[in-house]
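Below you'll find the structure, written out as structure tokens, and then a few comments.
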Amino acid sequence: MSEQLGGGGFEGMERATHADGAIAVANPRGSGFRRELERAVRQMVAARWPVFAVVFLTLAAIAATFGSWLAPFDPNRQNLVLRLADPMAAGPDGSTFWLGSDALGRDVLSRLLYGARVSLTVGFAAIAVGGTLGIIAGLLSGYFGGWVDDAIMRLGDIQLAFPFILLAIMFLVVLGSGVWNLILVLGIGQWVTYARIVRADTLSLREKEFVEAARAMGDSTPSIIFRTILPNILAPLTVIASFNVASVILSEAALSFLGLGVPPEVPTWGSMLAESRDTLVANKWWLAVFPGVAIMLTVLSFNILGDWLRDFLDPRLRERT
Amino acid sequence: MGAYVVRRLLQSVIVVVGVTLVSFLALQAGGDPTYLFVSERASQEEIEATRRALGFDRPLHVQYLSFVRDLTRGDFGQSLSYRQPAMEIVLEALPATIELTLFAMALALILAIPFGVLAAINRGTAWDGSITTASMLGQSIPSFWMGIMMILFFGLYIRLFPISGHVPFLTPLLSGDVGTAFANLPRTLYHLILPGIAVATYSLARNTRLVRSSLLEVLEADYVRTARSKGLSEKRVLIHHALRNAWLPVVTIVGLEFGFLLGGVVVVETVFSYPGIGRLLFAAINQRDIPLVQAGVVLLASIFILLNLLVDLIYVRLDPRVKLAGGRG
């Protein structure tokens, strides 16, 4: 794995030497990084779609961070006189419901902006939880082998044999809904993927010369695992993480839709869709269309980004994701 | 072969034990489960009596063992909201869920092949572009939103398909009434179309990409070049040489497919008011009817585990290399 990933770096360095050898030799790392970044941007622009994904996700991140300032209304402010207003309809005091209002007269746009916060926070936090657990489990499994490996990997097999959505339902019903429980359950749902990949890479790195060298120099085992091996296996994980954020956001939406997500006073895209069902037959389409589009574009962006990242790092990773 | 089967069976048993343990612990994880079974205004004596009656005063491992003993008899206890055995209610809803899952699975597998082939043999053209883009989109749409959009469009706008309801096929078939079953079949399928598409979208998109990429890979293989250089027609090369191997990866995931689809089924049933286990679970979740949730989850999980076991065992027969590797893929 390290050779594959190093390939890009060497290529960059080689080019750097051709261009201005002195700098490349003096500071190969900095220059290589800049080259890599340039290559990344070039490839991104050439592929077109990743640019769209980055732009959209930046907007979503802005909405998630500054939603409270950007939103024209308090997302929970009800206005029973102006219920189910059409998009672009006039709101109270000369304002406008750009995306309409819902059955309680709450502004759809404001709720949508607040919803970005839950989706993105849960998405990233769950990956952080699942990724950390999985990376540690995979490192231990791959480095120590033997019964540690057996125990961890069999545990993973067992979890994968259990349809994840059912596991999530079971725990959330009993633990109760809430952002932290959601993050925990969705995170635990993801660890096996990371553990398997990290384990395979650790197994192959364990016998490499540079690990051998670290061992010979008397590095402690934790230092070898976390300082020598870990940095060399992180790159392919970013690809997995990107696809994973997409699927976690989908799961979060589904669980929120089932009423298992966050408490009802927190607007989320999934719960907005759940509420939209009551007014569907009355053809209040905007309540169902906008939150769905928000979910779709976010998930799509992460999927596109994952695809691009995979091709950028190493097209051969295709087989594993 | 024998050793592999034994190991695989043993693994399934462990998983089933894991499932029961998880569903048992789920009941305990929220604190004293007695409070789920008594009304909010129950007196301390009533709570004590209920706790003793339901056995929650016993040590945990004793409770678990008796939970498992009841499970083996299919006894999940009484549903809190229906006041009848939870398993009975779940089993009643099972055929409808199986119909929807099979229908969606068929859509996802059968349609993926022509789409994937079309994209692969026209690589780089507009065909490829639109199929690849569509499958990228398909993997990004939540199944329940797909359902809602189809209700809006097909159900309310052009009024082509029914947006709710279910006509049973398996239930009369299983009770021996073959005539009614097949008389129902056209209407069964008619009602399955919208929820079926909603459930299948994600898998269909993923399978299409899978067929496309594995066909592209196979088309580069030596034996395909050999077949071409022998002067065989492109069609013959495709059907008799390339496609055979190209859809192997799809067959591999048939068992896992059920698990993916299940996630969709649970939510999509709710959207279409489809009387299966998913809608039942949804109602049970909202009423915190834990025995009913347990029964539904354990039943679906067991079916999933059994199916995967079957697929694995069939796979060993189909592909002898699996045995040597000692596991699947």
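The values are calculated or read from the model by the stated rules, or taken from the named source; none is laboratory data. Since the model is a prediction, treat every value here as computed from it, not as a measurement. Heads up, the Cβs are rebuilt from the backbone with ideal geometry, glycines too, and the neighbour counts pull from every protein chain shown.
For the condition surrounded by 16 or more Cβ atoms within 10 Å (Cβ to Cβ), within 14 Å of another protein chain (Cβ to nearest Cβ), out of contact with any strand residue (DSSP E or B) (no Cβ under 7 Å at 6 or more places or on another chain) and part of a loop (DSSP other than H, G, I, E, B), what is the one hit in B:LEU27, B:LEU80, B:LEU36?
Only one candidate qualifies: B:LEU80.
Given the criterion closer than 24 Å to B:TYR202 by Cα, aliphatic (A, V, I, L, M) and at pLDDT 75 or above, identify the matching residue among B:LEU216, B:LEU248, B:LEU232.
B:LEU216
Of the conditions (1) of a type outside the set (A, V, I, L, M, F, W, C); (2) part of a loop (DSSP other than H, G, I, E, B); (3) touching a Gly at 6+ places or on another chain (Cβ under 9 Å), B:ARG58 satisfies every one except a single condition; which number is it?
(3)
Is it the case, given these coordinates, that A:THR202 is more than 30 Å from A:GLY270 (Cα to Cα) and surrounded by 20 or more Cβ atoms within 10 Å (Cβ to Cβ)?
Yes: the conditions hold for A:THR202.
Check region B:116-128 and report whether any residue there is away from every other protein chain (no Cβ under 14 Å), of a type in the set (Lys, Arg) and assigned to a helix (DSSP H, G or I).
No, because not a single residue in region B:116-128 is away from every other protein chain (no Cβ under 14 Å), of a type in the set (Lys, Arg) and assigned to a helix (DSSP H, G or I).
Spot the failing condition for B:THR188; the list is (1) closer than 30 Å to A:ASP278 by Cβ; (2) modelled with pLDDT of 85 or more; (3) away from chain A (no Cβ under 14 Å), and only one is missed.
Among (1) closer than 30 Å to A:ASP278 by Cβ; (2) modelled with pLDDT of 85 or more; (3) away from chain A (no Cβ under 14 Å), B:THR188 violates only (2).
Assuming B:SER140 fulfils every condition listed in (1) within 14 Å of another protein chain (Cβ to nearest Cβ); (2) in contact (Cβ under 8 Å) with a residue 40 or more places away in the chain; (3) of a type in the set (S, T, N, Q) apart from one, which condition is it?
Result: B:SER140 passes all but (2).
Do we find that B:ARG225 is part of a helix (DSSP H, G or I), more than 10 Å from chain A (Cβ to nearest Cβ) and charged (D, E, K, R) in this structure?
So B:ARG225 fits the description; yes.
Filter region A:179-216 down to the residues that are over 19 Å from the mean Cα position of the chain (by Cα) and not in a helix (DSSP H, G or I), then identify the one that is nearest to the other protein chains (Cβ to nearest Cβ).
A:GLU207
Considering only residues that are touching a helix residue (DSSP H, G or I) at 6+ places or on another chain (Cβ under 8 Å) and surrounded by fewer than 17 Cβ atoms within 10 Å (Cβ to Cβ), which ones fall in region B:92-131?
Those that are touching a helix residue (DSSP H, G or I) at 6+ places or on another chain (Cβ under 8 Å) and surrounded by fewer than 17 Cβ atoms within 10 Å (Cβ to Cβ): B:ILE98, B:LEU111, B:ASN122, B:ARG123, B:TRP127.
Of all residues in region A:265-286 being at the interface with another protein chain (Cβ under 10 Å from one of its Cβ atoms) and over 15 Å from B:TYR157 (Cβ atoms), which is surrounded by the most Cβ atoms within 10 Å (Cβ to Cβ)?
It comes out as A:GLY270.
List the residue pairs whose Cβ atoms are under 7 Å apart, where the first residue sits in region B:83-101 and is of a type in the set (Gly, Ala, Ser), the second is surrounded by fewer than 20 Cβ atoms within 10 Å (Cβ to Cβ), and the two are 6 or more positions apart or on different chains.
As it stands, the answer is B:ALA86/B:GLY77; B:ALA86/B:GLN78; B:ALA93/B:PRO275; B:ALA96/B:PRO168; B:ALA96/B:PRO275, since those pairs meet every condition given.
Test B:VAL5 against the stated conditions and say whether it is β-branched (Val, Ile, Thr) and without any contact (Cβ under 8 Å) to a residue 60 or more places away in the chain.
So B:VAL5 does not fit the description; no.
Against the condition surrounded by 19 or more Cβ atoms within 10 Å (Cβ to Cβ), at pLDDT below 85 and over 21 Å from B:SER12 (Cα atoms), how does A:LEU172 come out, does it pass?
When the stated conditions are applied, A:LEU172 passes them.
Which one is farthest from the other protein chains (Cβ to nearest Cβ) among residues in region B:273-284 that are surrounded by 24 or more Cβ atoms within 10 Å (Cβ to Cβ) and not in a loop (DSSP other than H, G, I, E, B)?
This residue is B:LEU280.
So, of the residues in region B:8-24 that are touching a residue at least 60 places away in the same chain (Cβ under 8 Å) and either facing chain A (nearest Cβ under 8 Å) or basic (Lys, Arg) (or both), which turns out to be nearest to B:PHE56 (Cα to Cα)?
B:SER23
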